[in-house]
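First comes the structure, then the notes that go with it.
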Ligand code: AMP
Ligand code: GLY
């Protein structure tokens, strides 16, 4: 169906019909494991018409049509939306959000009836500026580590503030730094060295302002909501394994694996998350007049049974999405349409009690330098796990490695043990030169470990 809307139809009448709708053309922006998992889940919707992924990857190419454009090519994206008669745009990564893709599309009179899952640029500052996020939390009494924010000119005050903190010291570039802008230093002296590096341009303009904060001791948890700025649904929580090495050792990565659910996220803990973090955040956005249609990702630390916000992101997590979406039983397309149309209060979410785990197959050397272009084999033999492509490319009939994180092997089972058995049998069966994966995903939260 090419045009869901008659020209005179409004979004309000459109929403009234969402439940009966079919033939919805969807454009997913992004190319990682997260976007492959979204494409996989949206493909299950009876409402889906045609699915496009921009630029997508060899995994998404099996589910829809990939469009080889850059996620920051806003004019190109606009043309695709028109030419492919797109009804819903879902923006996966943070950079186009922080740079205003939502605003660009929604501000175009020619795209009046196109739904977009955002947020807009103003709300995306929750991820785009750590200083903005910290000040926002302070204004709304949302639990987070104590902090100070300093410019280059305030170097002396920054050093003084560092001295007031008990090491380790946490320093963060204010702006987006491709997930690398956080440094944790064991001593005051090391922290001062890092501070100089930040101000000398190690992270470019992103480090013009540095957030220095107190170190929180606890276990991390990722919680996601879909919100229209008024109502929200809480998606299944997940635990990400950020360090490259077994036993949480070595440098931070984008994430080496994930599990959902997370046993310590008890109903009591999640109630605290809703009351002290989620509601004050959504109410805070609304009271400050910041519209927000999209995802909020709360990066939390469980400190002695109480949630603290380590960071906000304005998108789904990767690899968390690869365990969160397989547990959602509801129609994700309907949820996202209701979100984008401001009708989240009419949504409901059902979640499977099953357990999902994902193990990332990485290229040896990641998160440092690593080889690309290595042939991947064995994927066709996998029948009891879902393989999401994260960093791959096609060359004729071959699939080659093209990124640090190459594939996510998701297993689903009635127990963590069963889910992990599926993930790891796939992780072992798939081969490529210098394949590396963590062998301990989920073992810390598995009750019998
Ligand atoms: P962020 O990009 O803010 O999530 O930081 C990256 C990672 O650094 C987090 O996932 C945590 O593991 C760690 N981190 C950030 N801030 C703190 C903090 N205040 N205390 C302890 N660990 C932190
Ligand atoms: N896995 C953490 C993130 O997506 O930022």
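Rule-based calculations on the coordinates, nothing more; no lab input. In this text the structure is predicted, and so the values were computed from the model without any measurement. Every residue, glycine among them, receives a Cβ derived from its backbone with ideal geometry; neighbour counts consider all protein chains shown.
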Those residues that are in contact with a strand residue (DSSP E or B) (Cβ under 9 Å, 6 or more places away or on another chain) and part of a helix (DSSP H, G or I), I need them from region 237-269; list them, please. 269
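Scan region 81-95 residue by residue and report those that are out of contact with any strand residue (DSSP E or B) (no Cβ under 6 Å at 6 or more places or on another chain) and under 26 Å from residue 325 (Cα atoms). Explain how you work it out, then say what you get.
Within region 81-95, the subset out of contact with any strand residue (DSSP E or B) (no Cβ under 6 Å at 6 or more places or on another chain) is 81-83, 94-95.
Matches in region 81-95: 81, 94, 95.
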Between 361, 336, 300, 349, which is outside any strand (DSSP E or B), buried (at least 18 other Cβ atoms within 10 Å of the Cβ) and touching a strand residue (DSSP E or B) at 6+ places or on another chain (Cβ under 9 Å)? 336
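Tell me, yes or no, whether region 184-202 has at least one residue that is farther than 30 Å from residue 343 by Cβ, within 23 Å of the chain's Cα centre (by Cα) and near ligand 1 (Cβ under 10 Å from one of its atoms). Walk me through how you get there before you give the answer.
At the first step, the residues of region 184-202 found to be farther than 30 Å from residue 343 by Cβ are 184-202.
Now narrow it down to the ones that are within 23 Å of the chain's Cα centre (by Cα): 184.
The next check asks that each one be near ligand 1 (Cβ under 10 Å from one of its atoms); those that pass are 184.
Looking for residues that are farther than 30 Å from residue 343 by Cβ, within 23 Å of the chain's Cα centre (by Cα) and near ligand 1 (Cβ under 10 Å from one of its atoms), one finds at least one in region 184-202, hence yes.
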Determine the pairs where a residue that is touching a residue at least 24 places away in the same chain (Cβ under 8 Å), located within region 281-301, has a partner that is assigned to a helix (DSSP H, G or I) and within 16 Å of ligand 1 (Cβ to nearest atom) with Cβ atoms under 6 Å apart, the partner being 6 or more residues away or on another chain. 298/277
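Just a yes or no: is a residue in region 34-48 assigned to a strand (DSSP E or B), without any contact (Cβ under 8 Å) to a residue 60 or more places away in the chain and more than 16 Å from ligand 1 (Cβ to nearest atom)?
Restricting attention to region 34-48, the residues satisfying the condition of being assigned to a strand (DSSP E or B) are 48.
If we keep only those that are without any contact (Cβ under 8 Å) to a residue 60 or more places away in the chain as well, we get none.
No, that holds for no residue.
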In region 210-259, what count of residues is obtained for those that are over 25 Å from residue 90 (Cβ atoms), away from ligand 2 (no atom under 16 Å from the Cβ) and touching a residue at least 60 places away in the same chain (Cβ under 8 Å)? 12
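Yes/no matrix, rows are residues, columns are (1) away from ligand 1 (no atom under 16 Å from the Cβ); (2) closer than 29 Å to residue 115 by Cβ; (3) surrounded by 22 or more Cβ atoms within 10 Å (Cβ to Cβ):
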residue	(1), (2), (3)
220	no, no, no
231	yes, yes, no
237	no, yes, yes
251	no, no, no
Among the numbered conditions (1) in a strand (DSSP E or B); (2) within 30 Å of residue 269 (Cβ to Cβ); (3) away from ligand 1 (no atom under 12 Å from the Cβ), tell me where residue 170 comes up short. (3)
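If only one of 124, 149, 177, 133 is in contact with a helix residue (DSSP H, G or I) (Cβ under 8 Å, 6 or more places away or on another chain), within 16 Å of ligand 2 (Cβ to nearest atom) and not in a helix (DSSP H, G or I), which one is it? Can you show your working first?
Details: 124 fails: not in a helix (DSSP H, G or I); 149 fails: within 16 Å of ligand 2 (Cβ to nearest atom); 133 fails: not in a helix (DSSP H, G or I).
Result: 177 is the single residue among 124, 149, 177, 133 that is in contact with a helix residue (DSSP H, G or I) (Cβ under 8 Å, 6 or more places away or on another chain), within 16 Å of ligand 2 (Cβ to nearest atom) and not in a helix (DSSP H, G or I).
Residues 329, 322, 346, 334: which one is away from ligand 1 (no atom under 15 Å from the Cβ) and closer than 20 Å to residue 425 by Cα?
Details: 329 fails: closer than 20 Å to residue 425 by Cα; 346 fails: closer than 20 Å to residue 425 by Cα; 334 fails: closer than 20 Å to residue 425 by Cα.
It is 322.
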